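Engineer: Before anything else, here's the structure in question.
The values are calculated or read from the model by the stated rules, or taken from the named source; none is laboratory data. Just so we're clear, the structure is a prediction, and the values are computed from it rather than from any experiment. Here the Cβ positions follow ideal geometry from the backbone for every residue, glycine too, while neighbour counts run over all protein chains shown.
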Amino acid sequence: MTLVDSTASTVGGPGLPQERRLVTEIPGPRSREIHARKQSAVANGVGITLPVYITAAGGGVVVDVDGNSLIDLGSGIAVTTVGNAAPEVAAAVTAQVNAFTHTCFTITGYEGYVEVAEALNRLTPGDHAKRSALFNSGAEAVENAIKVARSYTGKQAVVAFDHAYHGRTNLTMALTAKSMPYKSGFGPFAPEVYRAPLSYPLRDGGLSGAEAAKIAITQIEKQIGAANLAAIIIEPIQGEGGFIVPAEGFLPALVAWAKANDVVFIADEVQSGFGRTGAMFASEHEGIVPDLVVTAKGIAGGLPLSAITGRAEIMDAPHAGGLGGTYTGNPIACAAALAAIELYERGDLLQRAREIEQAIRAKLTGADPRIAEVRGRGAMMAIELVDAATGEPDAALTGKVAAAAHAAGVVLLTCGTYGNVVRFLPPLAISDALLDEALDVVVDAIAAN
């Protein structure tokens, strides 16, 4: 880490010095000043994990208003996967802004929307005929995926899973498992949403994927019935629930059951898609082909865009006008997505994600007895922290580790149903040196607590 007295450049993108640099304490005086204004001007329900205020970002760092350069292990929650202010994305956005900013695709169309749909149809798993529809946020796309499934099947019930996170709209809160902070006090929620047990290898007694799937399917059949079920929705690797990777065979068994029972299988790849796991989509790791794939986050290099892509006959079920919205598939976001997708398709970013996984596993496996598991894929990795004597989740330790990392200049996120998971979502543009330095900070923070 470099300690200096001068402020950093405010020019964004990968041209920023790639270093951890602390000029002040974290947060610094200027950030504290802005945060006081935030508390007066912004609704209390909009929280900030690390109250520093950013002026520039690129590569593996974010620079705050006090000139501190922090290592970014969050990527805006898996959004800036190709790197913040990536030159290709910035250039595409600039060109589109200079052409036009909005027409509403459902009023007068534009080619960028069509090109993004074509790319998604090409890239998502399966060689069947596909259609796509674009939206703004992951939650909005999830909600529309449920609409599509219900329209296609004529059925209403939907199954989500333990530890799931699918968003904060009314329907997606119903799909989401964790109460605080996502659901508490916001009901009643949308009806006809049911929950099934997930394969959680660390905590389900060592069940195989097939065994865990049998338990889930039996519950679905007995408590809901396939004749009433429109869709199963699942994250191939869970996000907010703790970066849980189901045991091998769990997902294929669910897909096979859904296919046999005329149930739409929806893969929520909002956090796990677009190269994050070392494949374009996490579904590819077990060779599953979802009926519908929901994407967002990393799709557009930091601009708000989301999508549903799926089997043509399913996607075409809703009537004309049943899908869409004023800002859905905004032309600026589409331009950013096309530039980002081109970067993913070159292939080196997928390899980079796999290299990041290797580095994280090498650094953290066996680093402390309170690390119960190092899990995940690619640049979507996590550690679960527990009491070494009992194996019980240790949320207090997790909070202390995150706070220590923040104070040391590392942007670090936590998650998990039990609040005891530290997650690693670095941009794929991060350097080996910065990643190694940030992981050292985390290891030291665990040891110190």
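Engineer: Select from region 255-286 the residues that are surrounded by fewer than 24 Cβ atoms within 10 Å (Cβ to Cβ), touching a Pro at 6+ places or on another chain (Cβ under 9 Å) and charged (D, E, K, R) and list them in ascending order.
Structural biologist: Across region 255-286, the qualifying residues are Glu284, Glu286.
Engineer: With respect to Ile220, determine if the residue is under 24 Å from the mean Cα position of the chain (by Cα), modelled with pLDDT of 95 or more and either surrounded by fewer than 16 Cβ atoms within 10 Å (Cβ to Cβ) or of a type in the set (A, V, I, L, M) (or both).
Structural biologist: Judged against the criteria, Ile220 is not a match.
Engineer: Hey, another quick one. What single numbered condition from (1) on the phi > 0 side of the Ramachandran plot; (2) touching a helix residue (DSSP H, G or I) at 6+ places or on another chain (Cβ under 9 Å) fails to hold for Val61?
Structural biologist: (1)
Engineer: If you go through region 428-449, how many residues are surrounded by 21 or more Cβ atoms within 10 Å (Cβ to Cβ) and out of contact with any Leu (no Cβ under 9 Å at 6 or more places or on another chain)?
Structural biologist: Qualifying residue count, region 428-449: 1.
Engineer: Could you tell me how many of the residues in region 65-99 are surrounded by fewer than 19 Cβ atoms within 10 Å (Cβ to Cβ) and at negative phi?
Structural biologist: 9
Engineer: Now a separate question. What is the number of the single condition among (1) part of a loop (DSSP other than H, G, I, E, B); (2) within 19 Å of Ser132 (Cα to Cα) that Leu338 does not meet?
Structural biologist: Status for Leu338: all satisfied but (1).
Engineer: Let me ask something additional. Among the numbered criteria (1) under 16 Å from the mean Cα position of the chain (by Cα); (2) more than 25 Å from Val411 (Cα to Cα), which one does Glu111 miss?
Structural biologist: Condition (1) is where Glu111 drops out.
Engineer: Further question: Name the residue that is farthest from Lys183 (Cα to Cα), counting only residues in region 223-258 that are among the aliphatic types (A, V, I, L, M), assigned to a helix (DSSP H, G or I) and over 21 Å from the mean Cα position of the chain (by Cα).
Structural biologist: Ala256
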